[in-house]
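See below for the structure under consideration.
Coordinate-derived values only; no laboratory data. Because the structure is a prediction, the values reported are computed rather than measured. We place every Cβ from the backbone using ideal geometry, glycine too, and count neighbours over all the protein chains shown.
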Amino acid sequence: MAKNQDFPVYLFLGFLESGKTKFIQETLEDKRFNNGEKTLLLICEEGVEEYDMDKFPSKNVFIRTVEDKNELTEANLLRFVHETGATRAVVEYNGMWLVNDLINNMPEDWVVYQVMTFIDASTFLGYNANMRSLVVDKLNVSELAVFNRAEKSMDVTEFHKIVRGVSRRAEIAYEYTDGTVAYDDIEDPLPFDIEADEIVINDGDYALFYRDIMEEPAKYDGKTITFKGTTARNPKFPDNTFAVGRNVMTCCIDDIQFCWFVTEAADLSMVRSKGWVIVKAKIKVGKHKFYRGKGPVLHLIDITDAAPPEREVATFY
């Protein structure tokens, strides 16, 4: 592989017996995907179903198995590539491991090209109730969530709400037991008017707003926004910069984090270091070191003291 060339990684997520192996088998049998590239098939979870290597178009797929997440080291991953001569990787990931256990240990040139999560529709609600943090971990990074073993009698509205509570960008598909496949077409409008001259975010909608602007900042560029939050100052900030945001909980108390915006003001004397405020600001999307790239920078228009919201920790529900 040429130096600095991307090493593509195709990541398949889901709990045990969720249909990952079947889909990967069919993908690697497809000549449109598997047309001769040497492929490292990294298996992190062995279920009942096994791969039938004889059905692959050519002998270009090399299996390596990792049974302990502590084996997911950069050295081991590089060794697998060296041993196989692979130019890409297909990963069947363990549903009980966090995605960052892999991402944080990938070699520098490994780049995730696609992420799909497979879900057994008949057991999903139980997993979501009892292992919510692991469900969120997978859906949060997925481009496509596939609910297989679905029955036509199932009300998919609850599945849709759970996925959308984590990600607005993931597509959702339902693979029914009769062999048909349907894509989710439930409309999911934002609870605020993004076309308004001034976008006003209600207290209960902050989490949705924050996720949406971070996923698609360009559509907010140049908009005026008003919302309630708390402010924070840091010695590392430039003289005209402060943070404003709210604590957001995605799935459980353990994952609460302060989700904030870089905010600039001509005069910081009116900005309190603590307490709740209502902020009105103009959004400009651009590069900023605190975002490690591009992000929404708020240019303060007005700030006033405010009472705390009814629920001080924002959620997606």
Determine, for each peptide in 269-281, 182-194, the mean count of other beta carbons within 10 angstrom over its residues, then list the peptides with the highest first. 269-281, 182-194
Amide H contacts of N247 (H built 1.01 Å from N, under 5 Å, at least 5 apart or other chain): C259, A314
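So if each residue of separation counts as 0.36 nm, and I subtract the Cα-Cα distance between N35 and D188, what length gain in nm does that give? Please list the in-between numbers first.
Numbers: separation 153, 0.36 × 153 = 55.08 nm, distance 3.83 nm.
Stretched out fully, the N35 to D188 stretch lengthens by 51.2 nm.
Checking a compactness column here: for segment 260-317, what do you get for Rg(Cα) / (2.2 N^0.38 Å), N being the number of residues? List each step's numbers first, then the result.
Working: Rg = 13.1 Å, N = 58, 2.2 N^0.38 = 10.3 Å.
Segment 260-317 yields a ratio of 1.28.
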Cα-based Rg (one decimal) and Dmax (whole number) for segment 182-228, in Å? 11.8, 40
Segment 120-131 - phi-based ³J(HN,Hα) in whole Hz, Karplus 6.51/-1.76/1.60, Gly and Pro as x: 7, 4, 6, 10, 4, 4, x, 4, 5, 6, 9, 9
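Counting other C-beta atoms within 10 Å, and keeping those with at most 15, which DSSP coil GluC sites (Glu not before Pro) do you find in segment 193-300? Kindly include the intermediate steps, with their values, before the conclusion.
Working: sites: E195, E198, E215, E264; in loops: E195.
Within segment 193-300, the qualifying GluC sites (Glu not before Pro) (loop, at most 15 other Cβ atoms within 10 Å) are E195.
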Picking from V156, F209, F15, whose Cα lies most toward the positive end of the charge dipole for the chain (charges on Cβ: Lys, Arg +1; Asp, Glu -1)? F209
Candidates D137, D203, D68, ranked by Gaussian network fluctuation over the chain, Cα under 10 Å, top entry: D68
Taking Cα centroids, how far is segment 252-317 from segment 7-63 in Å? 44
Bins of 5 Å, beginning at zero and ending with the bin holding the largest distance: percent of Cα pairs per bin for segment 30-93, please. 4, 16, 27, 25, 16, 9, 2
FRET efficiency (K219, R292; Cβ distance; R0 22 Å; to 0.05) is 0.55
Counting only residues 5 or more apart in sequence or on a different chain, those whose built amide H sits under 5 Å from that of I301 are K280, A281, K282
Vicinal HN-Hα couplings computed from phi for segment 299-310 (Karplus, 6.51 cos²θ - 1.76 cosθ + 1.60; Hz; Gly/Pro x): 9, 5, 9, 7, 8, 9, 5, 8, 6, x, x, 4
Treating every alpha carbon of the chain as one equal point scatterer without solvent, the Debye formula yields log10 I(q)/I(0) values at q = 0.07, 0.12 Å⁻¹ of -0.36, -0.94
I need to check one value: relative contact order of segment 74-191, counting alpha carbon pairs closer than 8 Å and at least 6 residues apart, in percent. 21
Degrees between helix 206-215 axis and first principal axis of the chain (Cα, 0 to 90, nearest 10): 60
Pop the C-beta distance of E74 and T123 into the FRET formula with R0 = 45 Å and round what comes out to the nearest 0.05. 0.85
As an exercise, identify the trypsin sites (Lys or Arg not before Pro) in segment 17-76 lying in DSSP coil whose Cβ has no more than 12 other Cβ atoms within 10 Å. K31, R32, K59
Where Rh is the Kirkwood radius over the Cα pairs of segment 64-111, the temperature 37 °C and the viscosity 0.692 mPa s, what D in µm²/s does Stokes-Einstein return? 291
Between L41 and residues 5 or more places away or on another chain, which pairs have amide H atoms under 5 Å apart, with H built 1.01 Å from N, and which residues are they? F62, I63, R64, V90
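For segment 208-287, what does the relative contact order come out to in percent, with C-alpha contacts under 8 Å and a separation of six or more?
Details: 114 pairs, mean separation 33.1, N = 80.
Dividing the mean separation by the residue count of segment 208-287 yields 41 percent.
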Contact order normalised by residue count of the chain, Cα under 8 Å, 6+ apart, percent: 14
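Determine how many Å³ per residue the convex hull of the Cα atoms of segment 122-252 encloses.
Working: hull volume 18.7 nm³, N = 131.
Looking at segment 122-252, the number lands at 143 Å³ per residue.
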